[in-house]
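Asker: Could you have a look at this structure, given as structure tokens, before my questions?
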Amino acid sequence: MRKNILIIGAGVTGAIVARELAVNGYHVTVFDKRQHTAGNCYTKTDPQTGILVHEYGPHIFHTDNTTVWNYVNEFADFAPYICQVKATTQGKVFSLPINLLTINQFFNKTFSPQEAKDFIESISEPIEPVKSFEDQALRFLGRDLYEAFFRGYPLKQWGMDPSLLPASILKRLPVRFNYNDNYFNHQYQGIPREGYTTMVDRILAHENITVHLNRDFNAAEEHGFDHVFYTGPLDSWFQHRAGRLGYRTLRFERSHHAGDFQGCAVMSYPEEKVPFTRITEHKYFTPWKNFENTVIFHEYSSYCGKDDDPYYPIRLVEEEKVISNYVEMADQEKGVTFMGRLATYRYMDMDVAIAEALQAAGEFIKLDKQAQNIPVFFNRPI
Ligand SMILES: Cc1cc2nc3c(=O)[nH]c(=O)nc-3n(C[C@H](O)[C@H](O)[C@H](O)COP(=O)(O)OP(=O)(O)OC[C@H]3O[C@@H](n4cnc5c(N)ncnc54)[C@H](O)[C@@H]3O)c2cc1C
């Protein structure tokens, strides 16, 4: 008899597990509490301008994983796209991450790569021992670049003073001594021409998959299914019995403008005095199309309250304690697997979420055939 599987969440993780099981003969039911598929990768046409908008923040697909790249290309036509971020600070616009152009413009110089390296070394502060993010940034970059590009960012994005954040966050020198302004270093990079929602809907389009939107998971509905894959927040599964896992949330303030607004997709604002972290101008994600007007998002970050959408897991020491309690509780569960960015309380790019979903679905099918136990986590939160 065909087995019935319930998948909670129609983001990339849930959709791919659903697809892989469906093509292997399982009956799959997918619930999502939102009114749309694609989770946080959701894209939608803005009715006022006709521009495809990344509703939960800018998403660029980038990966070194050829299997993942080939997989997504089966379901979407990817346009080549290079993510080039700019930053406005101290009244000027620079290239980000800091590269040779940034250094030359910032210090009003014409350094060669070696001259720039020597210069940055000469202005770096010899702090010992390095205890915090602030110490590390000053040791790598010196005070001027730190103040302009790094000091305000943790305050705004994480609500944390850089002197209180661990040095481990900044492991390597965050500077390029060339003019490369490609934000990512991956082999494959692109944006689906018709958006991520169309891609996810194609993944879900299979006769063995039934999708129910606006359907919040209710523990009672778990019965009657042979196995559940849960991609919602880990603490919600347990009704927050061990406390709340800390998240940062984002708020997007949408506005429409005539013509062009900023001339690029993403402009970062690292200074503390500017309340938002960046401005996204969505028409630049489809540069092959022309639009008369434009739609932008001002992005604000804050602590995630109980009615907010969780975006970035905080994972400081307090969260590590709470998460280990939830992992212990999850290990006692039967018939459920926790997956994806929310149920494993990790930041994951789309390619990582997809790779893990493909791996988990493959393992599940193998173990199920051998009538073996299915793990609660294929990828553990800690
Ligand atoms: C601001 C931002 C920018 C990003 N940019 C990039 C980028 O440029 N490139 C990149 O590769 N990645 C990016 N990411 C990461 C990307 O968003 C994730 O990799 C991806 O969303 C993970 O998919 P998921 O299915 O695991 O989770 P989600 O997309 O969060 O999907 C989980 C789904 O579960 C549903 N759900 C939760 N609880 C329940 C419940 N109780 N009942 C029913 N449904 C439920 C939710 O509604 C949601 O639809 C970005 C993330 C953020 C926050």
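Just so it is clear, none of the values below were taken in a lab; they were calculated from the coordinates. Predicted model only: the values in this text are computed from it and were never measured. Quick reminder, even Gly has a Cβ in these numbers, built from the backbone with ideal geometry, and neighbours come from all protein chains shown.
Asker: Kindly indicate which of PRO162, PRO192 is in contact with an Asp or Glu (Cβ under 8 Å, 6 or more places away or on another chain) and farther than 26 Å from ASN65 by Cβ. Please lay out each step first, then the result.
Answerer: On the way: PRO192 fails: farther than 26 Å from ASN65 by Cβ.
Exactly one of PRO162, PRO192 is in contact with an Asp or Glu (Cβ under 8 Å, 6 or more places away or on another chain) and farther than 26 Å from ASN65 by Cβ, namely PRO162.
Asker: Same structure again: So is PHE229 under 18 Å from THR344 (Cα atoms) and either assigned to a strand (DSSP E or B) or more than 13 Å from the ligand (Cβ to nearest atom) (or both) or not?
Answerer: yes
Asker: Here is a follow-up. Filter the helices (runs of 4 or more DSSP H) completely within the stretch 290-382 down to those with at least 3 residues that are crowded, with 16+ Cβ neighbours inside 10 Å and within 13 Å of the ligand (Cβ to nearest atom).
Answerer: Once the helices (runs of 4 or more DSSP H) in the stretch 290-382 are filtered for at least 3 residues that are crowded, with 16+ Cβ neighbours inside 10 Å and within 13 Å of the ligand (Cβ to nearest atom), what remains is 340-343, 350-369.
Asker: Moving on. Under 9 Å between Cβ atoms, which residue pairs at least 6 apart in sequence (or on different chains) link something in the stretch 258-269 that is without any contact (Cβ under 8 Å) to a residue 12 or more places away in the chain with a partner that is surrounded by fewer than 17 Cβ atoms within 10 Å (Cβ to Cβ) and of a type in the set (A, V, I, L, M, F, W, C)?
Answerer: Between residues of the stretch 258-269 that are without any contact (Cβ under 8 Å) to a residue 12 or more places away in the chain and residues that are surrounded by fewer than 17 Cβ atoms within 10 Å (Cβ to Cβ) and of a type in the set (A, V, I, L, M, F, W, C), there is no close pair.
Asker: Could you list, in sequence order, all residues of the stretch 157-194 that are among the hydrophobic types (A, V, I, L, M, F, W, C) and closer than 29 Å to LYS131 by Cβ? Before you say what the answer is, go through the steps one by one.
Answerer: Step one: list which residues in the stretch 157-194 are among the hydrophobic types (A, V, I, L, M, F, W, C), which gives 158, 160, 164-165, 167, 169-170, 173, 175, 177, 184, 191.
Hits for the stretch 157-194 are TRP158, MET160, LEU164, LEU165, ALA167, ILE169, LEU170, LEU173, VAL175, PHE177.
Asker: Would the stretch 70-86 turn up any residue that is in contact with a Leu (Cβ under 6 Å, 6 or more places away or on another chain) and surrounded by 16 or more Cβ atoms within 10 Å (Cβ to Cβ)?
Answerer: Taking the stretch 70-86 and keeping what is in contact with a Leu (Cβ under 6 Å, 6 or more places away or on another chain), we get 85.
After this cut, where a residue has to be surrounded by 16 or more Cβ atoms within 10 Å (Cβ to Cβ) as well, the list is 85.
Yes, that holds for at least one residue.
Asker: Turning to a different aspect of this structure: From the set of residues in the stretch 9-32 that are in contact with a strand residue (DSSP E or B) (Cβ under 7 Å, 6 or more places away or on another chain) and more than 18 Å from ILE354 (Cβ to Cβ), which is nearest to the ligand (Cβ to nearest atom)?
Answerer: Only one residue fits best here, namely PHE31.
Asker: Follow-up question, since we're still on this one. So, in the stretch 273-289, of the ones that are hydroxyl-bearing (Ser, Thr, Tyr) and not in a helix (DSSP H, G or I), which residue ends up surrounded by the most Cβ atoms within 10 Å (Cβ to Cβ)? Steps first, answer last, please.
Answerer: Going residue by residue through the stretch 273-289, those that are hydroxyl-bearing (Ser, Thr, Tyr) are 277, 280, 284, 286.
From what is left, the residues that are not in a helix (DSSP H, G or I) are 277, 280, 286.
Numbers: THR277: 17, THR280: 23, THR286: 19.
In this case the residue turns out to be THR280.
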